[in-house]
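Bear in mind these aren't lab numbers, they're just calculated from the coordinates by the rules spelled out. The model shown is predicted, which means the values in this text are computed figures rather than measured ones. For neighbour counting, all protein chains shown are included, and Cβ atoms are generated from backbone atoms with ideal geometry for every residue, glycine included.
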Amino acid sequence: MKYKALVMGLLAIVLLCLESTVLHYIKIYGIIPNLTLCMVVSCSLLFGSTFGRRLGLVIGLIQDVLFLDVLGFFTLLYFLLGQIAGLFKNGFDQNNLLLSLGLTALFDLLFSGICYLFFHFFQGRIDVMYFLTSTILPELIYTLIASIPVYFLVRYLGTLLDRFIEQYRHQTAEGTMPIDVRSEKTN
């Protein structure tokens, strides 16, 4: 599980860097996809709520440090989204992409709605329909399109890491030393 957390954490940081730098060059109507939300939802659905909330906590904390003046907003939001999305793991078939897209859409709407409340509505900008049609719905569509490769990448890396860890456990259970340990003892 440590290796999976390390690899998924590095992937989340790469996606966060892509989201905050490169994707600004391919904006559509000034909107970029929320890749970190896709990552948290995908990891929560595939690996459970514990993994999802920990990943959400880390991603949210990094976003708070980088983009906000106050710590805690994105940290709490991603933490809760990771926890809630992880509750759907038991009834989730990993090959069902439509369920993953549906939950990603639901959590993106929830995320965008909460951000609208705190960053616009409470500051007096109460034109809900304008914000819905100009920001929330285009971001939802763009995020859904971007969530397909993110989901498949997370699923592929998770399966690959599970096979690697199982092979490593199988080798150590048989009494044979793994290759890296054998080379260290001979030197």
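Two numbers describe the Cα atoms of the range 2-176: Rg and Dmax, which are 17.3, 68 Å.
Site-free segments of the chain were taken between trypsin sites (Lys or Arg not before Pro) in DSSP loops having at most 15 other Cβ atoms within 10 Å, sites themselves excluded; the longest one is 28-124. Just checking the listed ones, Val65, Val40, Val154: in the Gaussian network model of the chain with Cα springs under 10 Å, the one fluctuating most is Val65.
Got a sec? Which residues in the range 1-41 would a label at His170 touch, if it sits 7 Å along Cα→Cβ and we count backbone N under 20 Å? Under 20 Å, as judged by backbone N against the label point of His170, lie 1-4 of the range 1-41. Would you mind telling me which residue in Ile145, Ile59, Ile32 has the biggest mean-square fluctuation in a Gaussian network model of the chain, where springs connect alpha carbons within a distance under 10 angstrom? Evaluated over the chain, the most mobile residue of the options is Ile145. Relative to one another, the C-alpha centroids of the range 21-38 and the range 40-70 are positioned 18 Å apart. Using R0 = 35 Å, the C-beta based FRET efficiency linking Asn95 and Leu137 works out to 0.80.
Highest GNM mean-square fluctuation among Gln171, Gln94, Gln63, for the chain modelled with Cα contacts below 10 Å: Gln171.
Charge tally for Cys43 (other residues, Cβ to Cβ under 14 Å; Lys, Arg +1; Asp, Glu -1): +4. Gyration tensor analysis over the Cα atoms of the range 11-57 returns equivalent ellipsoid semi-axes of 24, 10, 7 Å (largest first, whole Å). Taking Lys and Arg as +1 and Asp and Glu as -1, the other residues whose beta-carbon sits under 12 Å from that of Gly86 total +3. By the beta-carbon count within 10 Å of each Cβ, the least crowded to most crowded order of Met8, Met129, fewest first, is Met129, Met8.
Listing His120, His24 from fewest to most neighbouring C-beta atoms within 10 Å gives His24, His120. Other residues lying with their Cβ under 13 Å from the Cβ of Gly158 contribute a combined charge of +2, Lys and Arg counting +1, Asp and Glu -1. State, as an integer percentage, the relative contact order of the range 2-176 based on alpha-carbon contacts under 8 Å between residues 6 or more apart. Worked out over the range 2-176, it gives 26 percent.
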